[in-house]
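Notes follow the structure.
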Amino acid sequence: MQEPEAVAPNGAVVDVGAIVGLLRRKRGMSLDELATRSDLSPSFISAVERGKSDIALGRLARIAAVFGLDVASLLTYSSNTSRPRFLSSDDRTPVDRGEGVDYRRLRLPGVDFELITVTFEPRTAFRDALAHDGIDIVYVPVGSVVLDFDGVDYVMNAGDSGVWSGRTPHAFRNDTDSPAQLVAVVTDTVWDL
């Protein structure tokens, strides 16, 4: 009896092995490295990638976890671009950055970056600075925020944007009497939540 094929939400048949191979190569990972990190054998992963072996959900979940995905995100990886995918506000995870700061992160499935939205009440600030891998790309759509970048203040007004290394300690604050917002794309996963 032939095993049932995986089917994406749009009805397309999913080539699990091709997705695993694509993700592995995009991450610059060898078969041995993926095998070690997922506690599976290199020969088994190679057989899956070549379509010569089926894979149980438990094993697929271990491979997905190595890529920072869940099984559903891994299975829809190649089909995500075939039609728009909309994420609700429930998909954004709140992170406590301080009183009066509404900080939410959205880990986008299948990509190596996060979308961050921050709303500041008047006269509020991050509780502490953060530093992380990757690059920050920030846009201020509303109000005015101050970026404290390694102890130096930079004012960013509505319409301003900036790019910097996330490895340098940085924090934001709103020194005004009006609310402010910022939107950021971070090119690496900041929060393991």
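Of the residues screened, Arg59 is one that is open to solvent by 60 Å² or more (accessible area, probe 1.4 Å) and either at pLDDT below 90 or among the basic types (Lys, Arg) (or both). Among the residues of the stretch 112-129, those that are buried (at least 16 other Cβ atoms within 10 Å of the Cβ) and either in a strand (DSSP E or B) or under 11 Å from the mean Cα position of the chain (by Cα) (or both) comprise Phe113, Glu114, Leu115, Ile116, Thr117, Val118, Thr119, Phe120, Thr124, Ala125.
Would you confirm, using the coordinates I've provided, whether Arg37 is surrounded by fewer than 19 Cβ atoms within 10 Å (Cβ to Cβ) and in a helix (DSSP H, G or I)?
Working: surrounded by fewer than 19 Cβ atoms within 10 Å (Cβ to Cβ): yes; in a helix (DSSP H, G or I): yes.
The answer is yes for Arg37.
Is one or more of the residues making up the stretch 106-116 under 30 Å from Asp177 (Cβ atoms), touching a strand residue (DSSP E or B) at 6+ places or on another chain (Cβ under 8 Å) and modelled with pLDDT of 90 or more? Yes; the residues of the stretch 106-116 include at least one that is under 30 Å from Asp177 (Cβ atoms), touching a strand residue (DSSP E or B) at 6+ places or on another chain (Cβ under 8 Å) and modelled with pLDDT of 90 or more.
Out of contact with any Phe, Trp or Tyr (no Cβ under 7 Å at 6 or more places or on another chain), open to solvent by less than 70 Å² (accessible area, probe 1.4 Å), at pLDDT 95 or above and part of a strand (DSSP E or B), is that true of Val138? Spell out the reasoning first.
Working: out of contact with any Phe, Trp or Tyr (no Cβ under 7 Å at 6 or more places or on another chain): yes; open to solvent by less than 70 Å² (accessible area, probe 1.4 Å): yes; at pLDDT 95 or above: yes; part of a strand (DSSP E or B): yes.
For Val138, the condition - out of contact with any Phe, Trp or Tyr (no Cβ under 7 Å at 6 or more places or on another chain), open to solvent by less than 70 Å² (accessible area, probe 1.4 Å), at pLDDT 95 or above and part of a strand (DSSP E or B) - is met.
The set of residues from the stretch 40-61 being charged (D, E, K, R) and more than 27 Å from the chain's Cα centre (by Cα) comprises Arg50, Lys52, Asp54. Could you tell me which residue of the stretch 155-167 is modelled with the lowest pLDDT, considering only residues that are surrounded by 15 or more Cβ atoms within 10 Å (Cβ to Cβ) and not in a strand (DSSP E or B)? By that ranking, first place goes to Gly166.
Just one of Arg50, Arg85, Arg97 is at pLDDT 85 or above and surrounded by 12 or more Cβ atoms within 10 Å (Cβ to Cβ); which is it?
Numbers: Arg50 fails: surrounded by 12 or more Cβ atoms within 10 Å (Cβ to Cβ); Arg85 fails: at pLDDT 85 or above.
Result of the check over Arg50, Arg85, Arg97: Arg97.
The values are calculated or read from the model by the stated rules, or taken from the named source; none is laboratory data. Keep in mind the model is a prediction, meaning the values are calculated, not measured. Cβ: placed from backbone, ideal geometry, glycine included. Neighbour counts: every protein chain shown. Quick note on the areas: whole protein, heavy atoms, side chains included, nothing else; ligands and nucleic acids left out. Shrake-Rupley method; radii C 1.70, N 1.55, O 1.52, S 1.80 Å.
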